[in-house]
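Remarks on the structure that follows.
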Amino acid sequence: MNITMAKVMLSTILVFLMQLTFAQQETTYLITDFDGGGILPNEWQSYGDLGSHGVVSAKPNSDGKFYEQIWNGKKDEGYIVSQSDITFRIIPKKKLKEKTITNVFLRMDINCGGAPGTKINIVLVDGPNDCCTNDVNWQYSFVKNTCEWETIEINLAEFGYAYDPNNHEKSIDITKVGRVKIGVDIFSGTERQIVQFDNVALVVKDKVEVTGYDDSTSIPENSRLKSTAKDFLVGIAVNPSRVQDTDYSALYTKEFNSVTAENAMKMRSIFKGIDEEGNLSLDWTNSDLIVDFAQANDMNIHGHTLVWHESTPDFLKTFEGTNQEFESIIEKYITAVVTRYKGKIDSWDVVNEAIADGTSDFRESVFLERMGTDYVKKCFQFARNADKEVKLFYNDYNLVFDSKKQKGAFAIVDDLINSSLIDGIGYQMHIDYNFPNKLALKTATDLIVDRKLLVHFSELDVKTNPKGSIKEFSEKRDMEQAQKVYEVVEVYNAIPNEYKYALTIWGLKDDDSWVTPRYGFPDWPLLFDSSFGKKKAYSAFIQALQN
Ligand code: G3I
């Protein structure tokens, strides 16, 4: 017997033993370990639009070899993929007959090889082609920032984000699929990205702990969001007219223990002008109303937001004084607002959305133009000078999946940490019913926890019609939205208690949301329907905390 035969035999025995060992709970089908073992030993190849820019190699690691792709970032577009060379039946159909995909997991070891920020897409294909036509390609994406080997396990039920829009609605029925190819894509950027993977396996579990929204279990009538969440605040975005409307205020106080002013504490609402001596004219009517309401009802207050490009009064944009004068006005403004609510407002979004979408660069704004690239730090310093106790947050959207924006935001944050000026980060959770996935949420959340900062999921709403394709809210979308809310709450609740702050929902009823006016499609993004009725998403929030 030659060495190759012996290796194959050994690996076959190993696979058999692995199956035996886990027979009670799980069966592992090793696809490949890149070292001769598995159903598909080493038979992987690279392809892609710009595949030549990716160096693909098999290198030794502790257990033998792994597969590596390097994207050198020479072009703006393109991808490289490693994919099994042949299509194969991972699991004989008959074994899966009685299973659902919730029993099946893709397990692999993965690393980003010293290139933090790499965006990894794992793709399952159920058809004869490589991509997109006649096939369904389910993709699962996340950004990997900590470049150490880790074993990930993805429930196949969590794939389901098909990148062919025509197949978007489908979900994987693995009993019909039968043949599966697995690829790992690196979408290019201007920067080097690396994916290393090893020990790819499918795992079929007999007993799967169901972590998902269960529509068949009703929640007790007396459940409340705020009391079910034991270790963090549950917040709601409010505005002055609604806190004075008893239909709203009754629910606000019953369900929530924190408020954020949706608009009333923004600059445009408070800052009305500057006179010739440089005195500020400030209108506290709306912001006071909200503070009074929260205090009267013993609710926490998160201040939103001291500086935001979208809420800059016109007179500041056209201000004719010097940059120094501009800066001193901003200092006076921040000092005045923070001082007025000292001891009443627990935390502030100091600067909101400073990074431009899809880049790591500052967004253009009058603050950047007048105060320079240090403007964020200066604003944090002004806020800190005014109140030593108040918690200071940087708040932004898309940080979970826009890897460049994430990088830019964390560069700001790390600088603030070095100057001891920041207490927490707000991830605005304006997300879709099917995106981003749970692993991406968790990976991005870990970035905050790793830095020992407070985590605020600050503006949760879950779009159910992001592409405008539905006219009515279907039962299916209702369920999918609930599942996404469940995942968000699960990820939040798993944060170590000392880094939890609040999970804030961006509005009460579907028809109150900013989403429909902004995007022009009907949508149902919140936890209550337009008649103040609890949706499945509400129950999912509660369930995620109870399971
Ligand atoms: O109050 C006026 C009203 O008098 C007028 O008749 C009406 C006509 O358009 O406009 C009303 O003001 C609107 C205000 O919401 C209150 O409804 C503004 O036009 C509108 O621009 C404003 O939108 C807000 C938006 O921020 C801009 O400030 C949304 O309510 C608010 O949900 C949204 O929230 C932001 C966060 O602050 C930051 N993150 C993103 C998030 C969504 O855009």
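In region 349-403, of all residues being of a type in the set (Phe, Trp, Tyr) and more than 20 Å from Glu327 (Cα to Cα), the one that is nearest to the ligand (Cβ to nearest atom) corresponds to Tyr397. As a summary of the residue check, Met429 satisfies the conditions (1) crowded, with 20+ Cβ neighbours inside 10 Å; (2) within 16 Å of the ligand (Cβ to nearest atom); (3) over 30 Å from Glu480 (Cα atoms) except for the one numbered (3). Restricting attention to region 389-417, the residues being of a type in the set (S, T, N, Q) and closer than 17 Å to Leu306 by Cβ number 1.
Here is a yes/no grid of residues against (1) of a type outside the set (A, V, I, L, M); (2) surrounded by 19 or more Cβ atoms within 10 Å (Cβ to Cβ); (3) farther than 19 Å from Ser249 by Cα:
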position: Trp506; (1), (2), (3): yes, yes, no
position: Asp510; (1), (2), (3): yes, yes, no
position: Ser513; (1), (2), (3): yes, yes, no
position: Arg518; (1), (2), (3): yes, no, yes
position: Pro522; (1), (2), (3): yes, no, yes
position: Leu527; (1), (2), (3): no, yes, no
position: Lys534; (1), (2), (3): yes, no, no
position: Phe541; (1), (2), (3): yes, yes, yes
position: Leu545; (1), (2), (3): no, yes, yes
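Filtering region 245-261 to residues that are closer than 25 Å to Asp349 by Cα and of a type in the set (Asp, Glu) leaves only Glu255.
Once region 400-417 is narrowed to residues that are in contact with a Phe, Trp or Tyr (Cβ under 8 Å, 6 or more places away or on another chain) and at pLDDT below 95, the residue that is farthest from Leu460 (Cα to Cα) is Gly408. When every residue of region 406-417 is checked against the conditions, at least one turns out to be in the same structural domain as His309 (by TED's automatic domain parsing), within 16 Å of the ligand (Cβ to nearest atom), without any contact (Cβ under 8 Å) to a residue 60 or more places away in the chain and crowded, with 19+ Cβ neighbours inside 10 Å.
Yes or no, residue by residue, for (1) within 16 Å of the ligand (Cβ to nearest atom); (2) under 28 Å from Ile345 (Cα atoms):
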position: Glu475; (1), (2): no, no
position: Asp478; (1), (2): no, no
position: Val491; (1), (2): no, yes
position: Tyr499; (1), (2): no, yes
position: Asp512; (1), (2): yes, yes
position: Gly533; (1), (2): no, no
position: Lys536; (1), (2): no, no
position: Leu545; (1), (2): no, yes
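Per the conditions (1) surrounded by fewer than 23 Cβ atoms within 10 Å (Cβ to Cβ); (2) within 16 Å of the ligand (Cβ to nearest atom), the sole criterion not satisfied by Glu459 is (1). Against the conditions (1) away from the ligand (no atom under 16 Å from the Cβ); (2) surrounded by 18 or more Cβ atoms within 10 Å (Cβ to Cβ), Phe319 satisfies every one except (2). Would you mind stating whether Ile495 is assigned to a loop (DSSP other than H, G, I, E, B) and modelled with pLDDT of 95 or more? Here the answer is yes, as Ile495 does meet what is asked. Within the option set Phe256, Phe271, being buried (at least 20 other Cβ atoms within 10 Å of the Cβ), within 16 Å of the ligand (Cβ to nearest atom) and not aliphatic (A, V, I, L, M) holds for one residue only, Phe271. The set of residues in region 442-486 being in a helix (DSSP H, G or I) and over 25 Å from Ile120 (Cα atoms) consists of Glu475, Lys476, Arg477, Asp478, Met479, Ala482.
Matching residues to (1) within 18 Å of His430 (Cβ to Cβ); (2) of a type outside the set (D, E, K, R):
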residue	(1), (2)
Met371	no, yes
Lys378	no, no
Ala383	no, yes
Asp402	yes, no
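Within region 299-311, residues that are more than 10 Å from the ligand (Cβ to nearest atom) reach partners that are in a helix (DSSP H, G or I) and among the β-branched types (Val, Ile, Thr) with beta carbons closer than 7 Å, at six or more positions or on different chains, in the pairs Ile301/Val291; Leu306/Ile334; Leu306/Val337. Scanning region 232-250 for residues that are charged (D, E, K, R) and assigned to a helix (DSSP H, G or I), which turns out farthest from the ligand (Cβ to nearest atom)? Step by step, filter region 232-250, then rank; the result is Asp247.
Within region 488-519, the set of residues being without any contact (Cβ under 8 Å) to a residue 40 or more places away in the chain and in contact with an Asp or Glu (Cβ under 7 Å, 6 or more places away or on another chain) comprises Lys509, Asp510, Thr516. Every condition in (1) buried (at least 21 other Cβ atoms within 10 Å of the Cβ); (2) touching a helix residue (DSSP H, G or I) at 6+ places or on another chain (Cβ under 6 Å); (3) at pLDDT below 95 holds for Leu439 except the one numbered (2). Every test in (1) surrounded by fewer than 24 Cβ atoms within 10 Å (Cβ to Cβ); (2) in contact with a Lys or Arg (Cβ under 7 Å, 6 or more places away or on another chain) is passed by Asn465 save one, and that test is (2).
Taking the numbered list (1) under 19 Å from Asp511 (Cα atoms); (2) in contact (Cβ under 8 Å) with a residue 40 or more places away in the chain in turn, Thr246 passes all entries but (2). Test Thr228 against the stated conditions and say whether it is of a type in the set (Ser, Thr, Tyr) and either free of Cβ contacts under 8 Å to residues at least 60 places away in the same chain or within 13 Å of the ligand (Cβ to nearest atom) (or both). The answer is no for Thr228.
The values are calculated or read from the model by the stated rules, or taken from the named source; none is laboratory data. All figures in this text were calculated on a predicted structure; none of them were measured in a lab. Every residue, glycine as well, gets a Cβ built from its backbone with ideal geometry; the counts of neighbours run over all protein chains shown.
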